Amino acid sequence: MKLLFALLLCSLLLTSIFMEPALAAPRFCESKCRARCAKAKVKARCAKFCNICCAECKCVPSGTYGNKHQCPCYKKMKNSKGKPKCP
């Protein structure tokens, strides 16, 4: 009985660990992109593309500019013209 309870507890813990990023992703992206776009001239456009990139890459570089080495996926995303897509 104790073994069954321990297995159930472990499975619940593992499930919550793996489900948390999926459930928190929109809030994570929103707050990170708000910080990333704080100094942007066109905040709405910056936030739009930042959120697209964050949803795809699951990360946003720190600061308001540069630091794209912290998130390689974010750095590699390009628009249709071959220019960086992510702010």
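Every number here is computed from the coordinates shown, using simple stated rules; none is lab data. On a predicted model such as this, the values are computed, not experimentally measured, just so you know. Positions of Cβ are generated from backbone atoms using ideal geometry, with glycine treated the same way; all protein chains shown enter the neighbour counts.
Of 32/58; 43/76; 32/75; 41/83, which sit over 20 Å apart, Cα to Cα?
Beyond 20 Å: 43/76.
Mind checking the full-extension length gain between residue 44 and residue 1? Use 0.36 nm per residue of separation minus the Cα-Cα distance, one decimal, nm.
9.9 nm
Could you compute the net charge surrounding residue 47? Neighbours are other residues with a C-beta less than 9 Å from the C-beta of residue 47; K and R count +1, D and E count -1.
+4
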